[in-house]
Amino acid sequence: TTSTDKNSVTLNLAHDVTTLVATDTAGKLDVAINNMDANVIGTLTATGQKVTVTGSSSLSVSGADAKTFDASAATGELIYNVVATGTTQTISGTTGKNTITLGNVADVVSFTGQSGVDTVDVSALALTGTVAAELGGGNDVVAFDDLGVGATVALDAGAGTDTIKITDGGDLSAMTAAGTWAVSGFEAIQIVKAADLAVDTVTATFYGSMLS
């Protein structure tokens, strides 16, 4: 690592890391990761801090908590799993493929993609928090299962052929009374069923325009 001042540190990442912790009680520490190889960070804890990533190799973060995670100058694939404890994060993806997975119903996550194929996965939980995404170019996917009351969903799919994916048993209706659904630019809705279902039942109610 190198440090040019007391509020910044640069990590030249050449191998996997089980735990990476950046702590500054004042919230002023900026962490720059120069990703030099295909690497995995098991747990990234930078609560209240900004993390910037550069490099052309892939990076996978198994559990991430950072106020701002900016990989917009990187070109490799990014796999980013938000921690399961509930958090507020702003994420900027690489120019390549990005897969962002939310980890808690109360997450407040904002994601900005670029020209690659991006996936924002909310299918493992009944979100009551916020997911906001500007997906940019590429054939992007946003996956849901259930949405809880009060959820905020704000999605701009951008260019490309983009899909909203609803997993088997998914129910998005609960959030319509008290939540926000602002979705535009998608070309397809994909409804996924379990392989062993003998009878398929689909109930669809459209609130405004979802597809372009």
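What are the trypsin sites (Lys or Arg not before Pro) within segment 1-92 that DSSP puts in a loop, where the Cβ has at most 11 other Cβ atoms within 10 Å?
Details: sites: Lys6, Lys28, Lys50, Lys67; in loops: Lys6, Lys28.
Those satisfying the criteria are Lys6.
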Report task. Put one equal scatterer on each alpha carbon of segment 1-154, apply the Debye formula with no solvent term, and list log10 I(q)/I(0) at q = 0.08, 0.16 1/Å to two decimals. Result -> -0.21, -0.83
Query raised in the report: Tell me which lysines have Cα within less than 18 Å of Lys97's Cα, excluding those fewer than 8 residues away on the same chain?
Result: Lys165
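Does segment 93-191 come out rounded, prolate or oblate, given a ≥ b ≥ c as the square roots of the eigenvalues of its C-alpha gyration tensor, rounded meaning a/c under 1.5 and, failing that, prolate meaning a/b above b/c?
Details: a/c = 1.76, a/b = 1.56, b/c = 1.13.
Because a/c hits 1.5 or more and a/b exceeds b/c, segment 93-191 counts as prolate.
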Query raised in the report: Among the lysines, which have Cα under 16 Å from the Cα of Lys67 when same-chain residues fewer than 8 positions away are ignored?
Result: Lys28, Lys50
Query raised in the report: For segment 9-132, what % of the accessible area comes from carbon and sulfur atoms, probe 1.4 Å?
Result: 54
Query raised in the report: In debye, nearest 20: dipole of segment 10-160 around its Cα centre with unit charges on the Cβ of K, R (+) and D, E (-)?
Result: 300
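The values are calculated or read from the model by the stated rules, or taken from the named source; none is laboratory data. Source: prediction; values computed, not measured. In this analysis, Cβ positions are derived from the backbone assuming ideal geometry, glycine residues included, and neighbour counts consider all displayed protein chains. Each accessible area value is taken on the protein alone, full model and side chains, heavy atoms only, with ligands, DNA and RNA left out. Shrake-Rupley method; radii C 1.70, N 1.55, O 1.52, S 1.80 Å.
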